[in-house]
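Heads up, the thing below is written out as structure tokens.
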Amino acid sequence: MAKSKSEQLKVTQLGQQVAWPESPEAATLDRVPNPHPDKLYLARFAAPEFTSLCPVTGQPDFAHLVIDYAPRHWLMESKSLKLYLGSFRNHGAFHEDCTVAIAARLVQFLKPRWLRIGGYWYPRGGIPIDVFWQTGRPPAGLWIPDQGVAAYRGR
């Protein structure tokens, strides 16, 4: 019997109903082979409605995340990323921890040529906290557009 496309790609969530993960640690990420591993290009994921919880008060925090990466051998499967990011909805962590933890997990999982994340957080206590991290210098020749999120003015 022929294998389905999802079995061939070894994805576990695409094309089927999947429950939201209970926590970021419980979330499963899926990846697919990059059909152009010899090409240098940038892929971007934007999550304008990211939510997590303040670890002290339990109140919700909101952010606009922008994840840019230059793939090597793997591409991020977007449904699994959506579920992973959604798993933070009931997770208590500071803005810096959420932003950097997401980037670290993606780097470990995808092993991209380069990755950066911008976490544009809405104010907590009247102060917006924006968090930025990247793996290092971008590869020479990689076009990197601006992340397109303005400095806070009531985003």
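What follows draws every value from the coordinates through simple rules; no lab data is involved. For clarity, every value in this text was computed on a predicted model and none was experimentally measured. Counting neighbours? That spans all protein chains shown, and the Cβs are built from the backbone with ideal geometry, glycine included.
Note on Gln134 and Glu22: their simple-model spin labels are 3.9 nm apart, each label 7 Å out from Cα toward Cβ.
For region 67-155, what relative contact order do you get, as a whole percent, if you take Cα pairs closer than 8 Å and at least 6 residues apart? Provide the component values of the computation, followed by the final result.
Numbers: 91 pairs, mean separation 27.6, N = 89.
Worked out over region 67-155, it gives 31 percent.
The sum of -39500 (n - 2.57) across all DSSP H runs of n ≥ 4, divided by the residue count of the chain, sets its helix-only mean residue ellipticity at 222 nm to -5500 deg cm²/dmol. Net charge of the neighbourhood of Gly136, taken over other residues with C-beta under 12 Å away and scored Lys/Arg +1, Asp/Glu -1, is +3.
May I have the convex hull volume per residue, in Å³, for the Cα set of the chain? Provide the component values of the computation, followed by the final result.
Values: hull volume 18.4 nm³, N = 155.
Value for the chain: 119 Å³ per residue.
Summing Lys and Arg as +1 and Asp and Glu as -1 over all other residues whose Cβ lies under 11 Å from the Cβ of Pro112 gives a net charge of +4. Fewest-first ordering of Cys98, Cys54 by other beta carbons within 10 Å of each residue's beta carbon gives Cys54, Cys98.
Give me the extension gain from Glu96 to Trp143: residue separation times 0.36 nm, minus the current Cα-Cα distance, reported in nm with one decimal.
Between Glu96 and Trp143, full extension yields 14.3 nm more.
In plain terms, the residue of Ser52, Ser80, Ser23 with the fewest other Cβ atoms within 10 Å comes first and the most crowded comes last, giving Ser23, Ser80, Ser52.
So what's the net charge close to Asp68: Lys and Arg +1, Asp and Glu -1, counting the other residues with Cβ under 13 Å from its Cβ?
+2
Arranged by the count of other C-beta atoms within 10 angstrom, fewest first, what order do Ile102, Ile127 take? Mind showing how you got there, number by number?
On the way: Ile102 22, Ile127 8.
Result, fewest neighbours first: Ile127, Ile102.
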